[in-house]
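The values are calculated or read from the model by the stated rules, or taken from the named source; none is laboratory data. As the structure is a prediction and not an experimental result, all values here were calculated from the model. Note: ideal-geometry Cβ built from the backbone for every residue, glycine included; neighbour counts use all protein chains shown. Heads up: the accessible areas ignore ligands, DNA and RNA and are worked out on the full protein's heavy atoms, side chains in. Shrake-Rupley method; radii C 1.70, N 1.55, O 1.52, S 1.80 Å.
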Amino acid sequence: RRTLRDSVAACTKKGIAFNYLLNASTLGGMEQTRTGQRKIRSTLDFLSDLGIPWLTVSLPYLLRIIKAEYPHFKVKIGVFAQIATPVQAKRWEDLGADALCVSAISCNRDFGALQAIRSAVYCDLQLIANAACIPSCIYEHTHMDLLSSSSRRGAAQGGFCLDYCFLQCSALRFREPDLFINSIWIRPEDLHIYESLGYSWFKLVERSCPTDLLLRRVAAYHSRSFDGNLWELVGPVAFTPDKNATPLMVKLRT
């Protein structure tokens, strides 16, 4: 909690609005117990005391509690909510959502769906611009629940997650290399197309990337131009090197 307090203070000093993630796709039913509800309220009390302006959730239960008891928070609905239709978007907005992250897997390359969702709501909409996920991925729901459940205290995995969903998708891409191209990423040069549909808030991943790689991704999308290794923009890199460089290929020694 001290680290979080220091991070919020540093962001506030720089004029950056801190967004705290409570965006699990499942709480394992703890929200239906009195003990679980007390833990949720205790966490929200602490975040409120820190002066955090934004929260991200993916469960209607959490949104309803926050808007009823902590109305000063602005709340974004995370991608784990899998918002892919105008009806879903409108129902989240009716519950009080201030912003929605639309499902990249279902909608990034479906301009009709994006336009229909934009027409259905007034709140802010966000798209993930540089994910490399496969369209219509059958592992989407399982992957979100796996990541959510394995990160909880007391989870059966003991803090370790063998991400077999990611491994299966990676293997599929190697068997069908065209999936590297027709996955759900958005070119920096094409942001204006999405802006013309009413989308102006773009999220870049991954938070597990080393800083130098994230900065290169931000620079590419900010300048709306990139000429280089596609994987530098969209690769799901989760490696923190000791030096200030991110290797995208590993040289094998014989």
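Below is a table of values for the structure above.
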item: Residues satisfying the stated conditions in segment 65-95, i.e. in contact with a helix residue (DSSP H, G or I) (Cβ under 6 Å, 6 or more places away or on another chain) and either open to solvent by less than 60 Å² (accessible area, probe 1.4 Å) or part of a loop (DSSP other than H, G, I, E, B) (or both); result: Tyr70, Phe73, Val75, Ile77, Phe80, Ile83, Ala84, Pro86, Ala89, Leu95
item: Segment 122-153: number of residues that are open to solvent by 20 Å² or more (accessible area, probe 1.4 Å) and either in contact (Cβ under 8 Å) with a residue 40 or more places away in the chain or closer than 16 Å to Leu167 by Cβ (or both); result: 16
item: Tally, over segment 120-149, of residues that are more than 17 Å from the chain's Cα centre (by Cα), over 22 Å from Val234 (Cα atoms) and not aromatic (Phe, Trp, Tyr); result: 3
item: Candidates Gly51, Gly28, filtered to the one that is within 20 Å of Ser150 (Cα to Cα), in contact (Cβ under 8 Å) with a residue 12 or more places away in the chain and over 18 Å from the mean Cα position of the chain (by Cα); result: Gly28
item: Test for Gly36: is it modelled with pLDDT under 95, over 30 Å from Arg187 (Cβ atoms) and in contact with a Ser or Thr (Cβ under 9 Å, 6 or more places away or on another chain); result: no
item: Flag if Leu44 is over 29 Å from Ser170 (Cα atoms) and either among the aromatic types (Phe, Trp, Tyr) or surrounded by 14 or more Cβ atoms within 10 Å (Cβ to Cβ) (or both); result: yes
item: When residues of segment 34-64 are limited to those that are in a loop (DSSP other than H, G, I, E, B) and touching a helix residue (DSSP H, G or I) at 6+ places or on another chain (Cβ under 8 Å), the one farthest from Val102 (Cα to Cα); result: Gly51
item: Entirely in segment 113-222, the helices (runs of 4 or more DSSP H) that have 1 or more residues that are modelled with pLDDT of 95 or more, out of contact with any strand residue (DSSP E or B) (no Cβ under 6 Å at 6 or more places or on another chain) and within 20 Å of Lys76 (Cβ to Cβ); result: 191-196
item: Any chance Cys107 is under 15 Å from the mean Cα position of the chain (by Cα), at pLDDT 90 or above and not polar (S, T, N, Q); result: yes
item: Residue within segment 109-121 that is open to solvent by 60 Å² or more (accessible area, probe 1.4 Å), under 26 Å from Tyr221 (Cβ atoms), touching a residue at least 60 places away in the same chain (Cβ under 8 Å) and among the basic types (Lys, Arg) present; result: yes
item: Residue check, Ser119 closer than 21 Å to Thr26 by Cα and not aromatic (Phe, Trp, Tyr); result: no
